[in-house]
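Colleague: Take this structure, written in structure tokens, and hold onto it; I'll ask about it next.
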Amino acid sequence: MQKRYCLNCKDYLEGRRDQKYCSARCRSSYHRSINLQSSVQSTIHKILLKNHKVIEEIFITLPFTQMKVTKKRIDLSRMGFNFDYCTRIYRNKRGKWYRYIYDYSWMEFSDQKVVIYKSSDV
């Protein structure tokens with residue numbers, strides 16, 4: 001017979017074969033920790049989606065062939081863009097930082113301008 005352990009505290013389990021937790025307290029604790037992780041991930045995902053939506057709304061109003069646009073940082077912030085969250089960061093050979101949000105990227109400049117690029121392979 002295979003030994004079974006509590007998913008939360010790792011204590012040895014005795015009793016039913018389908019038992020996963022040693023007590024109701026461990027069951028509750030385990031599910032609370034899972035839900036907490038999910039809520040943090042969900043919050044970050046919502047911010048990333050909001051960022052993507054803000055940029056997408058900018059490009060919807062432009063011709064389909066236009067792959068680059070310049071905006072003021074304050075205007076993007078007013079639209080709800082959060083500069084602290086991105087999906088990827090890249091530094092080019094000149095030392096400039098590109099931040100990505102899925103299929104869009106942006107580069108910030110010292111004059112509070114932001115150049116946003118649309119990926120050409122979409």
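No lab work stands behind these numbers, since they all come straight from the coordinates. Only a predicted model underlies this, so the values are computations on that prediction, with no experimental measurement involved. Positions of Cβ are generated from backbone atoms using ideal geometry, with glycine treated the same way; all protein chains shown enter the neighbour counts.
Colleague: If R0 is 41 Å, what FRET efficiency do you get for ARG94 and LYS50 from their C-beta distance, rounded to 0.05?
Modeller: Values: r = 30 Å, r/R0 = 0.73.
It comes to 0.85.
Colleague: On a C-alpha basis, how far is the centre of the stretch 38-63 from the centre of the stretch 68-92 in Å? Whole number, if you could?
Modeller: 11 Å
Colleague: Identify, among ASN35, TYR102, GLN66, the residue whose Cα sits farthest towards the positive end of the charge dipole of the chain, taking +1 on the Cβ of Lys and Arg and -1 on the Cβ of Asp and Glu, with the dipole about the Cα centre.
Modeller: Farthest towards the positive end: ASN35.
Colleague: Which one of GLY15, GLY80, GLY95 has the biggest mean-square fluctuation once the chain is modelled by GNM with Cα springs under 10 Å?
Modeller: GLY15
Colleague: Okay, next question. Tell me the net charge near CYS9. Cut-off is 12 Å between Cβ atoms, CYS9 excluded, with +1 for each Lys or Arg and -1 for each Asp or Glu.
Modeller: Values: positive: LYS10, LYS20, ARG25, ARG27; negative: ASP11.
Here the count lands on +3.
Colleague: Measure up LYS10/LYS46; LYS50/LYS93; LYS72/LYS118; LYS20/LYS46; LYS46/LYS72 against 27 Å on the Cα-Cα distance and list the ones that go over. Each step should come with its number before you reach the end.
Modeller: Details: LYS10/LYS46 34 Å; LYS50/LYS93 30 Å; LYS72/LYS118 17 Å; LYS20/LYS46 32 Å; LYS46/LYS72 23 Å.
As for pairs spanning more than 27 Å Cα to Cα, those are LYS10/LYS46; LYS50/LYS93; LYS20/LYS46.
Colleague: Hey, another quick one. Please check: in the Gaussian network model of the chain (C-alpha springs, under 10 Å), which one of SER105, SER29, SER42 has the largest mean-square fluctuation.
Modeller: SER29
Colleague: Given +1 on the Cβ of Lys and Arg, -1 on the Cβ of Asp and Glu, and no further charges, what dipole in debye does the chain carry about its Cα centre, rounded to the nearest 20?
Modeller: Numbers: 25 positive and 11 negative charges, 73 e Å.
That gives the chain a dipole magnitude of about 360 debye.
Colleague: List THR70, THR87, THR65 from most exposed to least, where exposure is judged by having the fewest other Cβ atoms within 10 Å.
Modeller: Values: THR70 10, THR87 14, THR65 6.
Lowest to highest Cβ neighbour count: THR65, THR70, THR87.
Colleague: Count the net charge of all other residues whose Cβ sits under 11 Å from the Cβ of ILE47, scoring Lys and Arg as +1 and Asp and Glu as -1.
Modeller: Numbers: positive: LYS46, LYS50, LYS53; negative: ASP84.
Net of charged neighbours comes to +2.
Colleague: Separate question: For labels at GLU108 and LYS10 in the simple 7 Å Cα→Cβ model, what's the distance in nm?
Modeller: 4.1 nm
Colleague: Among the trypsin sites (Lys or Arg not before Pro) in the stretch 6-83, which ones are in a DSSP loop with at most 12 other Cβ atoms within 10 Å of the Cβ? Mind listing them? Mind dumping the intermediate values first?
Modeller: On the way: sites: LYS10, ARG16, ARG17, LYS20, ARG25, ARG27, ARG32, LYS46, LYS50, LYS53, LYS68, LYS71, LYS72, ARG73, ARG78; in loops: LYS10, ARG16, ARG17, LYS20.
Those satisfying the criteria are LYS10, ARG16, ARG17.
Colleague: Provide the convex hull volume over Cα atoms per residue for the chain, in Å³.
Modeller: Working: hull volume 24.9 nm³, N = 122.
Value for the chain: 204 Å³ per residue.
Colleague: Show that you can apply the helix-only estimate: for the chain, add -39,500 (n - 2.57) for every DSSP H stretch of four or more residues, divide by all residues, and state [θ] at 222 nm to the nearest 500.
Modeller: Values: 2 runs with 43 residues, N = 122.
Dividing the helical sum by the residues of the chain leaves -12500 deg cm²/dmol.
Colleague: Which longest run of the chain has no exposed loop site in it, a site being chymotrypsin sites (Phe, Trp or Tyr not before Pro) in a DSSP loop with at most 12 other beta carbons within 10 Å, and the site itself not part of the run? Could you put the intermediate results ahead of the total?
Modeller: Working: sites that count: PHE64, PHE109.
Segment 1-63 is the longest.
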